[in-house]
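Report on the structure given below.
Computed from the coordinates by the stated procedures, all read-outs in this text should not be read as laboratory data. Computed from a predicted structure; not experimentally measured. Here the Cβ positions follow ideal geometry from the backbone for every residue, glycine too, while neighbour counts run over all protein chains shown.
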């Protein structure tokens with residue numbers, strides 16, 4: 001099992017939050033448990049150059065065969081992932097609004113939906129996947145993807161706006177700002193802010209803040225399993241445990257302990 005996070009080069013840091021490379025081989029081993037993927041704040045560009053991956057989409061109640069590269073926009077529904085025996089993934093995770101700015105992606109049309117990347121970005125995506133499938137060095141894989149993103153960034157003609165600097169604040173200060181305060185920081189009226197937020201992030205600020213808080217709670221419990229769920233709830237800005245449960249059921253269909261158990265089952269079978 002290989003899993004590593006990388007930081008983008010300077011010209012891409014206003015668009016890309018991080019990269020992740022994961023490689024899991026289970027040839028001849030028991031099949032991996034399904035990996036739960038509840039909604040997360042990041043919108044991502046994924047590459048799966050080896051083997052066919054499948055997802056089960058809870059909103060659509062069906063299993064979906066995943067193309068070798070997908071763009072995942074704003075998500076509000078859980079999916080479960082079933083990996084191929086040789087699972088290689090390169091992920092580009094964008095800052096809020098970064099996917100829209102760098103790829104000119106219609107994020108509102110990607111709400112709770114993923115798109116075959118080649119439909120938006122053309123033949124270059126297939127060429128990247130072909131290169132990734134042949135490479136064995138993970139840093140070189142990442143360089144292939146990053147060079148592609150740098151070419152896209154050089155083609156952007158519109159300068160960043162104050163709003164683009166404000167949006168990432170929601171990832172770290174989601175309980176500290178009202179829409180009015182964020183609008184003021186972005187030099188917009190509240191109505192203009194909400195309209196531009198929808199264009200860049202694909203959902204309302206209120207829903208996005210709920211997903212950020214939910215994701216923060218789930219990841220905190222993963223990192224610190226000794227914390228009880230009430231402590232997790234309070235540290236992440238919930239009034240009490242029932243409010244935490246409400247969001248877990250809304251975004252993952254199950255209670256906090258059941259979602260954590262599903263994640264741990266996948267982690268054990270992946271050998272992490």
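Observations on the structure shown:
- Length-normalised contact order for segment 155-268 - Cα pairs under 8 Å, 6+ apart - percent: 16
- Relative to one another, the C-alpha centroids of segment 232-272 and segment 1-62 are positioned 19 Å apart.
- Tensor-based shape of segment 70-158 (alpha-carbon gyration tensor, a/c under 1.5 rounded, otherwise prolate or oblate): oblate
- With contributions of -39500 (n - 2.57) from each DSSP H run of at least four residues, the per-residue ellipticity at 222 nm computed over the chain stands at -13000 deg cm²/dmol.
- Convex hull per residue volume in Å³, alpha carbons only, for segment 2-154: 106
- The chain: radius of gyration over Cα atoms, expressed as a fraction of 2.2 N^0.38 Å: 1.01
- 5 Å binning of all Cα-Cα separations within segment 206-270, expressed as whole percents from 0 upward: 3, 19, 30, 27, 13, 6, 2, 0
- Segment 138-199 and segment 87-106 have Cα centres separated by 11 Å.
- Cα-Cα separations in segment 162-203 greater than 11 Å, expressed as whole percent: 61
- Calculated over segment 113-261, the projected area of the Cα convex hull averaged across directions stands at 12.1 nm².
- Note on 156, 211, 71: ascending count of other Cβ atoms within 10 Å places them as 156, 211, 71, the fewest first.
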